[in-house]
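First the structure, in the form of structure tokens, and then the observations on it.
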Amino acid sequence: MPGAEPPLSPTAEDEPLSTDPANRPSHLTDRIRTELVRRGPCKVPPGFVFSRNESDGRSCHHQYFRKILVSGEKMARSWLIYSVKNNSLFCFCCKLFSKRNINLTSAGMANWKHASDYLTSHENSPEHLNCIKAWKEQSVRLKSGETIDKLEMALLEAERVRWRAVLTRLTAIVQSLALRNLALRGHTETLFTPSNGNFLKEVELMARFDPIMKDHLNRVERGTANQNSYLGHHVQNELIDLLSSKIISSIVDDIKQAKFFSVILDCTPDISHTEKLLVVIRVVSLMEKPHIREHFMGFLEAEESTGQHLESMILTRLEELGIPFEDCRGHSYDNGANMKGKNKGVQARLLEKNPRALFVPCGAHTLNLVVCDAAKGSVDAISYFGVLQKLYTLFSASTQRGPY
């Protein structure tokens, strides 16, 4: 039955429903073609930065996705899609319906020097016009439900809605566990076993009260869901990555809205004794009412501890996030020679690129107190704020403290 097949993951690189057209095979089944028509072409975000060719340094431009009519009016090329994997352009409708083997349907068009002329010639070709007609007709029929295989399409639509509901619940479970900082997996990945981890236990609990999840687990136990149960560790990791990307995107929007920001850095070894550089961006958020926010942007693996390498890591990370370093107005870290060194330290290198980004020493490192414990014969370094915290804890626990 066509409706019994689960949907394919749009984020996996080897799947035909990938959002990147370079991952799709040249020959598509009717089912996959129908689903791609339903989803439509994936648009390029307005602020997206295209990669440059190593040979001539040229790159794709946002202007290619619009054409200028004789009247001077600009019209969007809805059929044109971009592949991040191949750094090339594809024709959405020709890749679905055309039998010709051209650049816009096979490897993608990446000749940026003659891109405008090539796109103009292609969109006026009879083959392209026929493919656009086929695309629009099938899109209209899908929306109105007037396709030839109407019954099969109804079954497929019902199955698509069911899988979307299942994934919504699995995503909610991952969010709930992540908010409480709980591990997802246990010793096994088998349902209804004692040591299968928090994720599967939450799934089992939800199935007791939710009919959709109960039906899904029944299918898994009967074997009708096969390996596409979406309960394995690969899907869990994929959901975590997708949620992380969405959160990072929201944080970047907040930073860009605030425009000016400061960077706080620190290095620490992890359990595998690998040095990790922690990156925090501090802004005055304007989303609701102005208030200071510090956004954790992740850990970077520091292969070297030199000022040049750390500076390169920071600038590369900001470039990946699309945050211009020219808007940085401060950077803060410890007093190590590789960090605050006035000649080759990180602060000197960053100030050279942006004189307005002032260096501020980290207070937790500059105000260190050395406390000698004569009984233990050891020396403990306790930060200034740590001492204040201990004093606060001492006096707040006293029964004789005042009303203030």
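Observations, loosely collected:
- Result for the chain in a Gaussian network model with C-alpha springs under 10 Å: among 394, 104, 156, the largest mean-square fluctuation is at 394.
- Volume per residue of the convex hull around the Cα atoms, evaluated for the chain, comes out as 266 Å³.
- Lysines whose Cα lies under 30 Å from that of residue 340, excluding same-chain neighbours fewer than 8 positions away: 256, 259, 276, 353, 390
- The charge dipole of region 75-166, taken about the Cα centre with unit charges on the Cβ atoms of Lys, Arg (+1) and Asp, Glu (-1), comes to about 200 debye, rounded to the nearest 20.
- Highest to lowest packing among 63-74, 120-131, scored as the average C-beta count within 10 Å: 120-131, 63-74
- When both region 27-70 and region 186-231 are represented by their alpha-carbon centers, they are found 38 Å apart.
- Debye log10 I(q)/I(0) at q = 0.12, 0.17, 0.24 Å⁻¹ for region 152-239, Cα point scatterers: -0.36, -0.71, -1.37
- Where labels lie 7 Å past Cα in the beta-carbon direction, separation of residue 306 and residue 179 in nm: 4.7
- Sum of -39500 (n - 2.57) over DSSP H runs of 4+, divided by residues of the chain (222 nm, nearest 500): -13000 deg cm²/dmol
- Both radii come from the Cα set of region 195-239: Rg as radius of gyration, Rh as Kirkwood radius; their ratio Rg/Rh reads 0.96.
- Each peptide in 296-307, 46-57, 343-354 gets a packing score, the mean of other Cβ atoms within 10 Å over its residues, and the list from highest to lowest is 343-354, 296-307, 46-57.
- Within the chain, the whole DSSP H helices whose Cα atoms reach 15 Å or more along their own axis and whose mean Kyte-Doolittle score is at least -0.5 are 150-179, 197-207, 233-258, 307-321, 384-396.
- Annotation for residue 137 and residue 160: the two label points, set 7 Å from Cα along the Cα-Cβ direction, are 2.0 nm apart.
- Listed peptides 266-276, 105-115 by packing density, highest first (mean Cβ within 10 Å): 105-115, 266-276
- Three-way shape call for region 278-322 based on the alpha-carbon gyration tensor, with the a/c threshold at 1.5: prolate
- Region 18-60 - Debye-derived log10 I(q)/I(0), Cα point model, q = 0.19, 0.23 Å⁻¹: -0.76, -0.88
Read the figures in this text as sums done on the coordinates, not as results from a lab. Keep in mind it's a predicted model, so treat the numbers as computed, not measured. Virtual Cβ from ideal backbone geometry, glycine too; neighbours counted across all protein chains shown.
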